[in-house]
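Report on the following structure.
Values quoted throughout were computed directly from the atomic coordinates according to the rules given, and no laboratory measurement underlies them. For clarity, every value in this text was computed on a predicted model and none was experimentally measured. Positions of Cβ are generated from backbone atoms using ideal geometry, with glycine treated the same way; all protein chains shown enter the neighbour counts.
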Amino acid sequence: MYIIISLMSILVFATVVLGIILNGKNSFLKAHPKMEKRIAGANISFFTILSVFAVIYVFTGSRAFAQAAAGAAAGTGSQGLGYLAAGLSTGLATIGAGIGVGITGSAGIGAISEKPGMLGRTLIYVGLAEGIAIYGLIISIMILGRI
């Protein structure tokens, strides 16, 4: 499993480097668009193959996964699922709030630039979008209180 994780880490690093190279002004690959598509396709296919190997390893050959499944069947693994649920509720709520604040904030800036009297109204909309993150945090606290 460590080999798969290290190969995926190298692949992510290579993807970042590839993105930097492809966005450069004097890139060699700008003159060769077919080569750019081939490199991106190879990168995506390699990542997909590594992901499939990781999933196969987790579901067939991992002792830790088998022990976790046995513990979950016995009822002792519910704490881990509770922590996962708390993390997901906070994380997804903050992502949604970030998207909402970004959209309403940019629209609010545009409205304020045309009509400065709109400042108070736009702050209310941005605050409502930010409230989504607070709701996710409250749900996480409620979940952690039951564990």
| query | Extension gain residue 10-residue 83, at 0.36 nm per residue separation less the Cα-Cα distance, in nm? | reply | 23.4 nm
| message | Suppose R0 equals 35 Å. What FRET efficiency, 1/(1 + (r/R0)^6) with r the Cβ-Cβ distance, do residue 94 and residue 37 give to the nearest 0.05? | response | 0.50
| said: Quick check: residue separation of residue 112 and residue 46 times 0.36 nm, minus the Cα distance between them. What number comes out in nm? | reply: 19.0 nm
| said: Between residue 142 and residue 21, what is the label-point separation in nm under the 7 Å Cα-to-beta-carbon projection? | reply: 5.0 nm
